[in-house]
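Participant: A single structure is presented below for examination.
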Amino acid sequence: MFSSICSIKKILWFGVHCKPSFSTRQIMMSSELATGKKAAAVKAVNDYVQDNQRLGIGSGSTIVFAVERLAERVKQEKLSVICVPTSFQARQLIIDNGLTLGDLETVPELDIAIDGADEVDKNLNCIKGGGGCQTQEKVVAASAKTFVVICDYSKQSSFLGEKWNRGLPIEVVPFAYKPVKIKLEKMGGTAEIRMAKQKAGPVVTDNGNLILDWKFVAAKETDWSLVARNLSQIPGIVETGLFLNMASRVYYGNADGSVNVVDKPAG
């Protein structure tokens, strides 16, 4: 269907499943990642947020630090901002931190959207959806004048799929998941319905849909724009975790608390 994906049918991208063991090294790594996430979140909020703005608030672990810093600034500087969430989690964060909650019906145009990512390539293209919120995240990001990504250093890649091996998240309407799964696997690789960890059955998104994680080998030559176009033509697919040409800037937080800021390449 699209040959430029580097012979997807020939090589499958199977994840390795193993039981986690919490070694000292893993605990240190987790602490380092948390330090990086917080540093990136704090700097992005300090750099971008101004009075009288309409903000899109993303989802995930890094966003927790961003909302906490935003709440501090609102209180200290008496800022007036409206926050539009991308998920139930984001909504609760906004409410719990005493921020003003909005929605796209009353605030359809945003100044800034701040969100995390599962992987970011050198052109600031992203894979998102590890937390299952990609549809609302993409709508909110597309409604903002500026989309800013915050993440730790482990999410930086030279090309999409280099490090993220859990598959491309694809949200599908429930009754169509099987036909969509078959079509995806004819394109190459495997498509697995995402199962919940602490409930019987599949993960259900905030929109009442299911998620297929499409796993295939990606390469530097993969034409992600072509992949996105082909996926958009499959009936039953609501949205994908491909965020192409959307991010203006990415903040990568490092283990020592420093932050690398990367802007979208010109042209």
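All of the numbers you see were taken from the coordinates with simple rules; none came from a lab. Please read these numbers as outputs of a predicted model, since none were measured by experiment. When we count neighbours, we look across all protein chains shown, and the Cβ atoms used for this are built from the backbone with ideal geometry, even at glycine.
Participant: Give me, ordered by chain and number, the residues 5 or more places off Val238 or on other chains with an amide H under 5 Å from its own placed amide H.
Facilitator: Under 5 Å from the amide H of Val238: Glu171, Val172, Val173.
Participant: Relative to 2.2 N^0.38 Å, what does the C-alpha radius of gyration of the stretch 117-214 come to as a ratio? Two decimals please.
Facilitator: Taking N as the residue count of the stretch 117-214, the ratio is 1.14.
Participant: Given the -39500 (n - 2.57) contribution per DSSP H run of 4+ residues, what per-residue ellipticity at 222 nm results for the chain, rounded to the nearest 500 deg cm²/dmol?
Facilitator: Result for the chain, helices only: -9500 deg cm²/dmol.
Participant: When only Cα pairs under 8 Å and 6 or more residues apart are kept, what is the percent relative contact order across the chain?
Facilitator: Reported as a whole number, the value is 27 percent.
Participant: Where a Cα-Cα gap under 21 Å defines reach, which lysines qualify for Lys145, not counting those fewer than 8 residues away within the same chain?
Facilitator: Reachable lysines: Lys43, Lys128, Lys264.
Participant: Let me ask another. So for the stretch 160-267, averaging the separation of alpha carbon pairs under 8 Å that are six or more residues apart and normalising by length, what relative contact order in percent results?
Facilitator: 31 percent
Participant: Hey, another quick one. Can you tell me the 0 to 90 degree angle between the C-alpha axis of helix 61-77 and the longest principal axis of the chain, rounded to 10?
Facilitator: Roughly 20 degrees, rounded to the nearest 10.
Participant: Still on this structure, please answer the following. Rounded to the nearest 10 degrees, what's the angle between the helix 24-48 long axis and the longest principal axis of the chain, both from Cα atoms, 0 to 90?
Facilitator: 60 degrees
Participant: If you don't mind, another one. Quick one: longest stretch of the chain between exposed loop chymotrypsin sites (Phe, Trp or Tyr not before Pro), exposed meaning at most 16 other C-beta atoms within 10 Å and loop per DSSP?
Facilitator: 23-267
Participant: With axes computed from alpha carbons, what is the tilt in degrees of helix 177-187 against the longest principal axis of the chain, rounded to the nearest 10 within 0 to 90?
Facilitator: 70 degrees
Participant: If you don't mind, there's one more thing I want to ask. Which of these, Lys78, Lys215, Lys197, has the largest mean-square fluctuation under a Gaussian network model of the chain (Cα springs below 10 Å)?
Facilitator: Lys197
Participant: So which GluC sites (Glu not before Pro) in the stretch 114-204 end up in coil per DSSP with only 16 or fewer other C-beta atoms within 10 Å?
Facilitator: Here the GluC sites (Glu not before Pro) that fit, given the DSSP loop and packing criteria, are Glu162.
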